[in-house]
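The values are calculated or read from the model by the stated rules, or taken from the named source; none is laboratory data. This structure is a prediction, so every number in the text was calculated from the model and none was measured. Cβ placement follows ideal geometry from the backbone for every residue including glycine, while neighbour counts extend to all protein chains displayed.
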Amino acid sequence: MDATSSGHNRSRLRRFCLGGLSLALAAAIWLPSVHLCFRPDLSSYRPADGVGPKARLMANRQVSFWSDADRRRRELRGMRSANPEWDFMGRTFFVLALANMIERDPSLRGEYLPLMDAIIDETLDVERTDGMFHFLMPYAKSAPFRRQPARSLFVDGEIALMLGARRLIQDDETYRRAMRERIDIILSQMRNGPMLCAESYPDECWTFCNTMALAAIRIGDYLDQTDHSDFFARWIATARKKLVHPETGLLVSEFDLDGDWHDGPEGSSIWMIAHCLQLVDADFARDQYERARKELDQSRLGFGGASEWPGSWRGPMDVDSGPTVPLLNFNAGSSGLAFIGAAAFDDDEFLTRLLTSVSFAGLPSESDGELRYLAGNQVGDAVLLYSLVLGPLWDRVTAEAGGQ
Amino acid sequence: MTVMKRLRTWIRRTPAVSPAGFLVLAGVLTVSFLITDGMGLERYACVLSGSPPPEVISLETAAMYGAAYVLLYMAVVIVVPILTLGAAIFYFVQRLSDRRTPGSESGGDHEPTVAAAPDTNASPGASTSH
């Protein structure tokens with residue numbers, strides 16, 4: 001190798017080192033700062049009172065989804081082909097959001113109450129016509145339900161919750177009857193087994209669905225002056241004994257009617273579980289939230305996100321959980337529902353970080369007075385909207401309990 | 001020679017690992033993103049959530065469009081600022097280094113920067129030669 005060639009190589013090596021170091025330094029400056037470009041003003045999303053302007057824009061997107069039959073058919077076709085449950089859950093979360101928005105701003109009642117009724121009526125019509133399987137994934141038909149007649153607590157619980165939200169805004173005899181019938185069915189299913197839990201799919205009980213059903217029963221107690229506090233206490237005692245994952249102290253997500261676990265604690269379940277338990281056992285609910293935050297919060301560099309599984313449990317990714325961002329370990333399902341947990345437990349710091357993430361990676365698109373997240377879908381937008389307005393409905397039910 | 005031809009020649013002769021090279025890459029990523037954005041590929045980003053787009057289009061095509069859009073968006077938000085900042089740091093470090101070692105023309109030393117006029121007569125190897 002002659003001197004010229006050697007010098008040339010040295011120069012090239014020096015340039016590569018300098019270039020690499022420059023990029024590393026630039027990354028060290030930019031990466032911790034990038035979140036500042038997306039960090040939202042929380043008060044425009046979730047103010048203490050009223051409905052924030054961003055939440056209004058998101059509500060407009062949902063209203064137009066429900067008002068435009070063509071658009072709904074188009075969007076639902078895609079969503080239902082991936083998971084029919086999303087069609088159903090989009091209804092539940094939007095109805096819950098509408099009720100909370102009316103409580104936050106009574107001037108919205110005239111516009112939102114008829115919409116709540118339309119969604120509930122249409123859901124009941126579809127269920128009457130096509131049966132509960134319309135809202136279940138196809139494998140619901142792969143085996144018979146162990147309890148007969150077959151009922152899915154996923155469908156019954158969320159319908160009861162929608163009816164309860166509607167009645168909290170304005171009671172109505174038709175909805176009262178429908179809710180009472182539904183709660184009677186739910187209770188007969190849940191009581192009829194060692195776990196005090198009912199099936200959502202054949203021999204598949206989900207803590208998510210069972211706690212949503214508990215929330216519906218609790219709202220029914222508030223509305224109709226019934227009392228299921230003994231049942232709630234027994235349910236919590238059973239769950240603490242048989243459904244708590246020892247390493248994390250979190251409730252597992254899925255088990256069979258005999259209480260054998262199918263899955264451990266799951267992010268796409270636990271945040272909503274904690275929120276529903278607020279109506280039944282506030283201390284246990286907070287305990288679950290704090291544990292979930294400790295085990296699943298993956299926030300870094302100012303961005304918030306949650307993993308689907310805690311470090312001590314490895315489970316599969318399924319259609320409920322959605323994709324996970326490699327390296328960051330942010331899971332779509334868990335992070336989406338973490339908004340509800342953070343909002344329900346007034347964890348503004350976590351909520352702001354989650355909103356920072358969705359403002360960046362959710363691809364927000366604002367046009368024609370509507371806000372939607374292009375990387376998500378209607379059910380994702382409905383969950384996010386609900387997280388931004390939740391509070392007043394639960395407060396009404398628990399306030400009375402406190403006063404009793 | 002037309003402006004576009006001059007630009008192409010300049011880009012071809014710009015070493016990848018140089019302040020100007022970083023800026024060229026940043027520019028290419030930004031232009032690519034603007035093209036996908038102009039084509040409206042953002043509407044396919046919903047495939048990330050597992051939802052097929054509402055339009056009648058094959059899932060594979062939608063996934064490809066959606067992934068391209070999201071990757072380029074991420075590149076513009078994360079990679080482009082790093083490249084731009086890195087180019088500035090690289091440029092100043094080189095200048096500093098050149099001043100400390102009089103007579104030496106550090107690597108990339110003849111490389112054009114954004115502010116510099118393109119040297120269309122320089123040979124491809126000129127930028128790294130000593």
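Find the helices (runs of 4 or more DSSP H) located wholly in the range A:158-254 whose residues include 2 or more that are touching a residue at least 40 places away in the same chain (Cβ under 8 Å), within 30 Å of A:L115 (Cβ to Cβ) and of a type in the set (F, W, Y), and list them. Don't jump to the end; show me each part of the working.
On the way: elements: A:173-191, A:207-224, A:229-242.
Ranges flagged: A:207-224.
Taking the condition of being assigned to a loop (DSSP other than H, G, I, E, B), more than 21 Å from A:L57 (Cβ to Cβ) and modelled with pLDDT of 90 or more, how many residues in the range A:308-367 meet it?
Result for the range A:308-367: 6.
Does the range A:319-330 hold any residues that are touching a strand residue (DSSP E or B) at 6+ places or on another chain (Cβ under 9 Å) and either within 21 Å of A:F88 (Cβ to Cβ) or buried (at least 24 other Cβ atoms within 10 Å of the Cβ) (or both), and which are they?
The answer is A:S321, A:G322, A:F330.
In the range A:255-284, which residues are without any contact (Cβ under 8 Å) to a residue 60 or more places away in the chain and assigned to a helix (DSSP H, G or I)? Show your work before the answer.
Start the filter on the range A:255-284 by keeping residues that are without any contact (Cβ under 8 Å) to a residue 60 or more places away in the chain, which leaves A:256, A:260-265, A:281, A:283-284.
Within the range A:255-284, A:D283, A:F284 meet the criteria.
So if I check each of A:G391, A:G333, A:G362, which one is crowded, with 21+ Cβ neighbours inside 10 Å, out of contact with any Lys or Arg (no Cβ under 7 Å at 6 or more places or on another chain) and either more than 25 Å from A:S33 (Cα to Cα) or more than 14 Å from chain B (Cβ to nearest Cβ) (or both)?
Testing whether each residue is crowded, with 21+ Cβ neighbours inside 10 Å, out of contact with any Lys or Arg (no Cβ under 7 Å at 6 or more places or on another chain) and either more than 25 Å from A:S33 (Cα to Cα) or more than 14 Å from chain B (Cβ to nearest Cβ) (or both) leaves just A:G333.
Please verify whether A:F94 is in contact with a Phe, Trp or Tyr (Cβ under 7 Å, 6 or more places away or on another chain) and closer than 21 Å to A:L337 by Cα, treating the condition exactly as stated.
So A:F94 does not fit the description; no.
Would you say A:M58 is in contact with a Lys or Arg (Cβ under 8 Å, 6 or more places away or on another chain), farther than 30 Å from B:L83 by Cβ, modelled with pLDDT of 95 or more and more than 9 Å from chain B (Cβ to nearest Cβ)?
Considered against the rule, which asks whether it is in contact with a Lys or Arg (Cβ under 8 Å, 6 or more places away or on another chain), farther than 30 Å from B:L83 by Cβ, modelled with pLDDT of 95 or more and more than 9 Å from chain B (Cβ to nearest Cβ), A:M58 comes out as yes.
Go through the residues of the range A:67-80 one by one and say whether even a single one is within 14 Å of another protein chain (Cβ to nearest Cβ) and over 27 Å from A:P138 (Cα atoms).
Within the range A:67-80, the subset within 14 Å of another protein chain (Cβ to nearest Cβ) is A:68-80.
Now drop any that are not over 27 Å from A:P138 (Cα atoms), which leaves A:68.
Yes, the conditions are met somewhere in the range A:67-80.
How many of the residues in the range A:30-55 are closer than 30 Å to B:F92 by Cα and either more than 8 Å from chain B (Cβ to nearest Cβ) or loosely packed, with under 15 Cβ neighbours inside 10 Å (or both)?
Result for the range A:30-55: 6.
Test of understanding: among A:E349, A:E295, A:E290, which residue is acidic (D, E) and surrounded by 21 or more Cβ atoms within 10 Å (Cβ to Cβ)?
Details: A:E349 fails: surrounded by 21 or more Cβ atoms within 10 Å (Cβ to Cβ); A:E290 fails: surrounded by 21 or more Cβ atoms within 10 Å (Cβ to Cβ).
A:E295 is the lone residue from the list that is acidic (D, E) and surrounded by 21 or more Cβ atoms within 10 Å (Cβ to Cβ).
With respect to A:P194, is the statement that it is at pLDDT 95 or above, more than 11 Å from A:G220 (Cβ to Cβ) and over 22 Å from the mean Cα position of the chain (by Cα) true?
no
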